[in-house]
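Okay, so here's the structure we're looking at.
The values are calculated or read from the model by the stated rules, or taken from the named source; none is laboratory data. Since the model is a prediction, treat every value here as computed from it, not as a measurement. Neighbour counts run over all protein chains shown; Cβ positions are idealised from the backbone, glycine included.
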Amino acid sequence: MTRFDRKYLEVGRSALPRPSGPGGKSDASRKTSGVRLRSMRESDLSQVVKIEKRINPFPWTACFFRSCLRTGTAGWVWEQDDAIQGFGVMALRQGRAHILNLCMRPESQGRGLGGKMLTHMLLRARRRGARIALLEVRPSNEPALRLYRRRGFAKVGIRKGYYLTRRSHEDALIMARTLYGSRFADIPRSRRTSPVSDQGS
Ligand SMILES: CC(C)(COP(=O)(O)OP(=O)(O)OC[C@H]1O[C@@H](n2cnc3c(N)ncnc32)[C@H](O)[C@@H]1OP(=O)(O)O)[C@@H](O)C(=O)NCCC(=O)NCCS
């Protein structure tokens, strides 16, 4: 265990939810108010990039998303009537889950989709053996900070000049949490279910 791992293990000790349904798995086709969570496909990327461009001043390109998907980085989308409402991207390496992107289209924000996507990624990471989850976030991004804190993340450091801005660079907060434990006190009861099972996602 590295010095950084020890530091991460000191924070975000609140535990994760158990998936619901028979055998501890929830129904893969389960819908949340007509919205379905499923794995991201390359055919989703034109819609995904459109959302990314609306949200991020320095958006990821289709090429970048594609190379993530082709090199084992996992992505999921919320889909409603063939329209992508939001997406999440996570890399798993050496027992660490790195949340690389989490983005809901503006019209779909505040519906609980971002929170459920994050919960899904954390549960997936834990099932795949990750012990720690980490992410970067702009210190000015209040909605995201609030979401991450509610999901048990705590600040563990700063990455200097991590984000490009129109004028120069902005620091990122590094946040982390552990992925083990038997209670789930940090997430509201209504959000304790992973929206999808391991199958098909
Ligand atoms: C951050 C983001 C993913 C949250 O997704 P969302 O679907 O809008 O959020 P949810 O409806 O699931 O709400 C989750 C939590 O976020 C917080 N939140 C959401 N919108 C908020 C707002 N406008 N102001 C303050 N808090 C907000 C709420 O506290 C909520 O907490 P709760 O779980 O206690 O109710 C979404 O706002 C988004 O895509 N933002 C732009 C991209 C971005 O900033 N991504 C994060 C990069 S690190």
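Inside region 83-109, residues that are of a type in the set (Val, Ile, Thr) and either within 8 Å of the ligand (Cβ to nearest atom) or within 21 Å of VAL156 (Cβ to Cβ) (or both) make up a count of 2. Annotation note: of ARG150, ARG111, ARG66, the sole residue that is under 25 Å from VAL35 (Cβ atoms) and exposed (fewer than 15 other Cβ atoms within 10 Å of the Cβ) is ARG66.
Within region 145-197, the set of residues being among the polar types (S, T, N, Q) and at pLDDT 90 or above comprises THR178 only. Sub-6 Å Cβ pairs linking a first residue in region 32-59 that is within 24 Å of SER140 (Cβ to Cβ) to a second residue that is among the basic types (Lys, Arg) and modelled with pLDDT under 95, at least 6 apart or interchain, number zero.
Checked against the criterion of being within 8 Å of the ligand (Cβ to nearest atom), loosely packed, with under 14 Cβ neighbours inside 10 Å and at pLDDT 95 or above, the candidates GLU136, GLU142 yield just one match: GLU142. Residue pairs whose Cβ atoms lie under 8 Å apart, sitting 6 or more positions apart in sequence or on different chains, and linking a residue in region 114-132 that is of a type in the set (Val, Ile, Thr) to a partner that is in a helix (DSSP H, G or I), are THR119/ARG191; ILE132/ASP5; ILE132/TYR8; ILE132/LEU9.
Under the condition of being within 14 Å of the chain's Cα centre (by Cα) and near the ligand (Cβ under 7 Å from one of its atoms), the residues counted in region 110-133 number 5.
Which one is surrounded by the fewest Cβ atoms within 10 Å (Cβ to Cβ) among residues in region 114-133 that are assigned to a helix (DSSP H, G or I) and out of contact with any Gly (no Cβ under 9 Å at 6 or more places or on another chain)?
The initial filter retains those residues of region 114-133 that are assigned to a helix (DSSP H, G or I), namely 114-127.
In the following step, the residues that additionally are out of contact with any Gly (no Cβ under 9 Å at 6 or more places or on another chain) were identified as 115-116, 119, 123-127.
On the way: GLY115: 20, LYS116: 22, THR119: 22, LEU123: 22, ARG124: 21, ALA125: 24, ARG126: 19, ARG127: 16.
That would be ARG127.
Scanning region 145-181 for residues that are assigned to a loop (DSSP other than H, G, I, E, B) and within 11 Å of the ligand (Cβ to nearest atom), which turns out nearest to ARG93 (Cα to Cα)?
The initial filter retains those residues of region 145-181 that are assigned to a loop (DSSP other than H, G, I, E, B), namely 151-153, 165-168, 179-181.
Now restrict to residues that are within 11 Å of the ligand (Cβ to nearest atom): 151, 153.
Details: ARG151: 21, PHE153: 19 Å.
Out of the qualifying residues, it is PHE153.
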